[in-house]
Amino acid sequence: MLKTALAPLTVALLLAGCAVTSQHPPAEAPPPEHFTGSTEWRRVAPEVAVPEAWWTMFKDPVLDSLQADLVVGNQNLAAALAQVASARAVLAASRSAIFPTLSVGAGSTRSATAENGNGQRTVSTNNSLTANAAWEIDLWGRLAEGVKAAGANYQASQADLAALRLSAQATLTQSYFALRTAEAQQALLERTVTANQRALELTEARYAGGVVAQTDVLQARTQLRSVQSQLSDMRTERAQLEHAIATQVGKLPGQFQLLPSSHLPELPPVPDLVPSTMLAQRPDIAAARARQTAAYAQIGIADAAFFPAIDLSASAGYRGSSWSNLISAPNLLWSIGAAVAQPIFDGGQRKLASAQARASADAATANYRQAVLTAFQEVEDNLVQFAESGAALALQRDAFEAAQRNLDIVLAQYRAGTVSFLNVSAAQSSLLSAEANLLSARNRQLVAANLLLKNLGGRLPAQ
């Protein structure tokens with residue numbers, strides 16, 4: 001009898017692991033043949049080694065300290081880390097579903113029957129001690145595909161965390177550059193206010209001596225007040241950038257302060273060669289690829305519903321009226337068996353579930369390909385932006401030097417009385433605009449270098 005009961009188990013064990021419903025996603029997208037923004041593109045590593053902590057190449061201790069605070073205090077990263085822990089738990093749960101379950105129990109009941117014709121009722125006690133085992137045989141790979149899907153989702157959550165960390169680190173670096181640029185702009189405006197104050201005093205003295213008209217005094221005062229207003233706006237912008245950095249590193253703005261500095265970090269050496277393999281290490285692409293794998297695993301799970309489910313069960317224990325002699329041969333009971341369930345009619349739900357899983361897989365594939373295309377675009381944009389920012393900076397530096405020489409000439413002419421203050425005002429405005437544009441050009445070059453170095457240095461964490 002036991003041999004007959006174990007026959008289904010023997011067959012199931014022989015067939016277990018036959019995942020006939022497994023589906024595989026398309027091959028990964030190949031790297032680009034070339035980057036048009038790189039004039040010296042090669043399929044080799046760059047000559048300049050870019051560390052994973054690429055921001056250290058700017059050699060700014062304050063920035064390095066902020067990056068350390070970011071990893072610890074940023075709440076978006078904390079939320080993503082919790083998502084990784086949740087995905088890890090789901091993966092562990094899916095793996096445990098493959099194994100049999102075992103439970104034990106003990107119970108005691110006391111019952112009475114209805115009164116018989118003699119007005120008597122029978123009272124009995126029933127004690128039990130049992131162990132139960134159950135196992136779903138994964139003949140068609142439903143549970144195995146569930147493990148594959150959970151594993152892919154876990155990998156996607158890890159890649160999401162890495163991508164979010166890279167984005168937060170790049171954003172913090174960019175915010176820091178903007179802060180230092182605002183401080184440099186503020187220092188420029190403060191110098192300009194001082195210079196315009198002296199120009200106003202000179203004009204008032206010349207007006208008191210009857211050399212110039214009152215309009216020159218009014219023009220000088222207008223110029224001074226305009227720059228003072230710009231200085232007030234720049235102080236506000238600098239404060240807001242400091243508040244933004246505080247939020248990024250997980251601190252209250254009111255309890256966070258950066259010592260001012262009017263100096264921008266120096267541009268580090270940036271590789272001239274862009275390797276084609278750099279896209280393979282991008283976390284956002286890895287996350288999209290993992291989600292594609294998970295989506296195809298869901299197809300296998302949905303298709304497994306078309307096949308019968310086979311469950312094995314076994315139980316053993318003792319049942320009797322007294323605890324003292326409960327564990328004895330007369331009280332022993334056991335059972336073992338197998339059950340097969342095959343849905344006959346479900347209104348097309350299994351077909352719809354399979355169609356939905358395939359549609360989701362198509363969407364995941366499209367999302368993966370779009371992530372690759374977006375990565376190509378970002379690399380091209382970064383290459384062009386960095387190349388053009390250097391050229392723009394050189395032109396803006398030349399414009400600043402010309403504006404400085406022009407102001408010196410116009411001031412000498414004004415002191416000699418050959419031009420009006422309107423010429424001085426125009427020259428001052430041109431110089432202020434040229435120097436402000438020069439600082440903005442330096443900031444854009446730093447931002448372009450930051451993004452390019454992020455793409456070269458940012459990578460998936462070691463598994």
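The values are calculated or read from the model by the stated rules, or taken from the named source; none is laboratory data. Please read all numbers here as calculations on a predicted model, not as lab measurements. Here the Cβ is made from the backbone with ideal geometry for all residues, glycine too, and neighbour counts use every protein chain on show. Please note that ligands, DNA and RNA were not included when accessible areas were found on the heavy atoms of the full protein model with its side chains. Shrake-Rupley method; radii C 1.70, N 1.55, O 1.52, S 1.80 Å.
Data for the structure
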{"quantity": "Among the residues listed as LEU267, LEU241, the single one being touching a helix residue (DSSP H, G or I) at 6+ places or on another chain (Cβ under 8 Å), within 24 Å of LEU393 (Cα to Cα) and modelled with pLDDT of 95 or more", "calculated": "LEU241"}
{"quantity": "Candidates ARG442, ARG397 - the one that is basic (Lys, Arg), farther than 25 Å from LEU224 by Cα and at pLDDT 90 or above", "calculated": "ARG442"}
{"quantity": "Some residue of the stretch 92-108 being β-branched (Val, Ile, Thr), surrounded by fewer than 17 Cβ atoms within 10 Å (Cβ to Cβ) and part of a helix (DSSP H, G or I)", "calculated": "no"}
{"quantity": "Neighbours by Cβ (under 9 Å, 6+ apart or cross-chain): first from the stretch 71-84, farther than 13 Å from TYR154 by Cβ and open to solvent by 60 Å² or more (accessible area, probe 1.4 Å); second of a type in the set (Gly, Ala, Ser) and not in a helix (DSSP H, G or I)", "calculated": "VAL72/GLY250; GLN75/GLY250"}
{"quantity": "Residue in the stretch 319-334 that is among the hydroxyl-bearing types (Ser, Thr, Tyr), in contact with a strand residue (DSSP E or B) (Cβ under 7 Å, 6 or more places away or on another chain) and either more than 30 Å from ASN127 (Cβ to Cβ) or open to solvent by 80 Å² or more (accessible area, probe 1.4 Å) (or both) present", "calculated": "yes"}
{"quantity": "The stretch 35-64 residues that are assigned to a helix (DSSP H, G or I), paired with ones that are open to solvent by 90 Å² or more (accessible area, probe 1.4 Å) and at pLDDT 75 or above (beta carbon under 9 Å, 6 or more apart)", "calculated": "PHE58/GLU266; VAL62/LEU259"}
{"quantity": "Condition check for LEU432: in a helix (DSSP H, G or I), in contact with a Ser or Thr (Cβ under 6 Å, 6 or more places away or on another chain) and at pLDDT 90 or above", "calculated": "yes"}
{"quantity": "Count of the stretch 388-409 residues which are exposed (fewer than 14 other Cβ atoms within 10 Å of the Cβ) and under 40 Å from the mean Cα position of the chain (by Cα)", "calculated": "3"}
{"quantity": "Residue match in the stretch 148-163 (condition: of a type in the set (A, V, I, L, M, F, W, C) and open to solvent by 60 Å² or more (accessible area, probe 1.4 Å))", "calculated": "no"}
{"quantity": "Candidates TRP334, TRP323, filtered to the one that is out of contact with any Phe, Trp or Tyr (no Cβ under 6 Å at 6 or more places or on another chain) and modelled with pLDDT under 85", "calculated": "TRP323"}
{"quantity": "Selected residue (only one of TRP140, TRP135 is out of contact with any helix residue (DSSP H, G or I) (no Cβ under 6 Å at 6 or more places or on another chain) and either surrounded by fewer than 16 Cβ atoms within 10 Å (Cβ to Cβ) or in contact (Cβ under 8 Å) with a residue 12 or more places away in the chain (or both))", "calculated": "TRP135"}
{"quantity": "Count - residues of the stretch 230-262 that are of a type in the set (Asp, Glu) and surrounded by fewer than 15 Cβ atoms within 10 Å (Cβ to Cβ)", "calculated": "1"}
{"quantity": "Verdict on SER175 being over 47 Å from the mean Cα position of the chain (by Cα), among the polar types (S, T, N, Q) and open to solvent by less than 70 Å² (accessible area, probe 1.4 Å)", "calculated": "no"}
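Quick grid of which residues meet (1) touching a residue at least 24 places away in the same chain (Cβ under 8 Å); (2) over 27 Å from HIS243 (Cβ atoms); (3) not hydrophobic (A, V, I, L, M, F, W, C):
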position: LEU172; (1), (2), (3): yes, no, no
position: TYR176; (1), (2), (3): yes, no, yes
position: LEU188; (1), (2), (3): yes, no, no
position: ARG191; (1), (2), (3): no, no, yes
position: ALA208; (1), (2), (3): no, yes, no
position: GLN214; (1), (2), (3): no, yes, yes
position: LEU224; (1), (2), (3): yes, yes, no
position: VAL227; (1), (2), (3): yes, no, no
